[in-house]
1. For segment 155-192, what are the residues that are charged (D, E, K, R) and either open to solvent by 80 Å² or more (accessible area, probe 1.4 Å) or touching a strand residue (DSSP E or B) at 6+ places or on another chain (Cβ under 7 Å) (or both)?
2. Only one of PHE94, PHE109, PHE137 is open to solvent by 80 Å² or more (accessible area, probe 1.4 Å), part of a helix (DSSP H, G or I) and either closer than 27 Å to ILE238 by Cα or in contact with a strand residue (DSSP E or B) (Cβ under 6 Å, 6 or more places away or on another chain) (or both); which?
3. Based on this model, can you work out whether TYR188 counts as more than 19 Å from the chain's Cα centre (by Cα), part of a helix (DSSP H, G or I) and not charged (D, E, K, R)?
4. Evaluate segment 145-154: report whether one residue or more is open to solvent by 50 Å² or more (accessible area, probe 1.4 Å) and in a loop (DSSP other than H, G, I, E, B).
5. Run down THR259, THR284 and say which single residue is under 20 Å from LEU185 (Cα atoms) and modelled with pLDDT under 95.
6. For a quick check of your reading: which helices (runs of 4 or more DSSP H) sit entirely within segment 282-333 and have at least 2 residues that are open to solvent by less than 60 Å² (accessible area, probe 1.4 Å) and under 19 Å from GLU183 (Cβ atoms)?
7. Quick one: which residue in VAL126, VAL148 is touching a residue at least 40 places away in the same chain (Cβ under 8 Å), out of contact with any Lys or Arg (no Cβ under 9 Å at 6 or more places or on another chain) and on the phi < 0 side of the Ramachandran plot?
8. ILE223 fails exactly one of the following numbered conditions: (1) in contact (Cβ under 8 Å) with a residue 24 or more places away in the chain; (2) in a helix (DSSP H, G or I); (3) over 19 Å from LEU253 (Cβ atoms); (4) among the β-branched types (Val, Ile, Thr). What is the number of that condition?
Amino acid sequence: MKGEARSMGQHDKSKQEGHIWGSMRRTAFILGSGLLLFVAFWNSVTWHLQRFWGASGYFWQAQWERLLSTYEGKEWILYIIGATHVPSLCFWTFNGLLLVVDTTGKPNFISRYRIQVGKNEPVDPVKLRQSIRTVLFNQFFISLPMLVFLYPFLKWWGDPCRRELPTFHWFLLELAIFTLIEEVLFYYSHRLLHHPIFYKKIHKKHHEWTAPIGVISLYAHPIEHVASNMLPAMAGPIIMGSHLSSITMWFSLALIITTISHCGYHLPFLPSPEFHDYHHLKFTQCYGVLGVLDHLHGTDTQFKQTKAYERHILLLGFTPLSESIPDSPKKME
């Protein structure tokens, strides 16, 4: 009996190790295939984009030099505008449009793409006002001071307001590095916040919304906002010593993407929010942004067995995926 138990234990151990190595091989295959495709299309795509960039680059360089001349000796004002005001304007413009749909249910051509049908129709106004106050607090009393205090270090490290704008290829490289760094830092910080020690006192606040809307992407406890929202996004530009133009583009893009992930609508021609929407619904799945680390760590296995996973694609038509790929009539995932 002991021999059989020992044999079964060794079998389970080898099976577990095989699962881990299998996950790593699949992840390596996905990343390798993606890299090969990226390299294959790099020259052809960037050649055309570089032509456009080269044609307009002189214009933007001239405008940037004009701004530097206007704010000579006060470059920190440009930094504040680019690192905080422009991304915030993008965030509130996009969320303002979404809030119209969230509060009124109109226009119907947008509301029909709702992921969790029957939720937030319309959104609770009291809960919404409370969430907006928290978001504004996080932006003005946490994000803004953090970025202001970061400026002296950035100026010493690489000067974000230097005269020469980055090349198009360099910006693409930065964008790839920013995305990779954010994915790693966000996944592990986010998963740590789901530990019982931190979840009840910190992360539970964000999960008050089991059916998220765009504006609550920044609705979080102050500690979470620093550790899981700000630091993963800031780390890339800090490491790379990025130009203000790259920082502005990256922060604006990051805020738009996280808004899409939380918006609650699977809209045509926009990235699928099904992955993170499912996280808000079930809590213990889909911790990352891209899903690569979730695949590696097996934290998307339940998600892959749902209709939401089948709908986790780029919608290239105008028929809502909730209609073309409906939930099972027996069990709603």
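1. Going residue by residue through segment 155-192, those that are charged (D, E, K, R) are 155, 159, 162-164, 174, 182-183, 191.
If the condition is that a residue be charged (D, E, K, R) and either open to solvent by 80 Å² or more (accessible area, probe 1.4 Å) or touching a strand residue (DSSP E or B) at 6+ places or on another chain (Cβ under 7 Å) (or both), then LYS155, ARG163, GLU164, ARG191 are the ones that fit.
2. Numbers: PHE94 fails: open to solvent by 80 Å² or more (accessible area, probe 1.4 Å); PHE109 fails: either closer than 27 Å to ILE238 by Cα or in contact with a strand residue (DSSP E or B) (Cβ under 6 Å, 6 or more places away or on another chain) (or both).
Result of the check over PHE94, PHE109, PHE137: PHE137.
3. Numbers: more than 19 Å from the chain's Cα centre (by Cα): no; part of a helix (DSSP H, G or I): yes; not charged (D, E, K, R): yes.
So TYR188 does not fit the description; no.
4. Taking segment 145-154 first, the residues open to solvent by 50 Å² or more (accessible area, probe 1.4 Å) are 148-149, 152-153.
Right, trim to in a loop (DSSP other than H, G, I, E, B) and you get none.
Checked segment 145-154: no residue is open to solvent by 50 Å² or more (accessible area, probe 1.4 Å) and in a loop (DSSP other than H, G, I, E, B).
5. Numbers: THR259 fails: modelled with pLDDT under 95.
Only one candidate qualifies: THR284.
6. Values: elements: 292-297, 307-310, 321-324.
Answer list for segment 282-333: 292-297.
7. Values: VAL126 fails: touching a residue at least 40 places away in the same chain (Cβ under 8 Å).
Result of the check over VAL126, VAL148: VAL148.
8. Of (1) in contact (Cβ under 8 Å) with a residue 24 or more places away in the chain; (2) in a helix (DSSP H, G or I); (3) over 19 Å from LEU253 (Cβ atoms); (4) among the β-branched types (Val, Ile, Thr), only one is false for ILE223: (1).
The values are calculated or read from the model by the stated rules, or taken from the named source; none is laboratory data. As the structure is a computational prediction, the values presented were derived from the model and not from experiment. Quick reminder, even Gly has a Cβ in these numbers, built from the backbone with ideal geometry, and neighbours come from all protein chains shown. We work out accessible area using only protein heavy atoms, side chains counted, and drop any ligands, DNA or RNA first. Shrake-Rupley method; radii C 1.70, N 1.55, O 1.52, S 1.80 Å.
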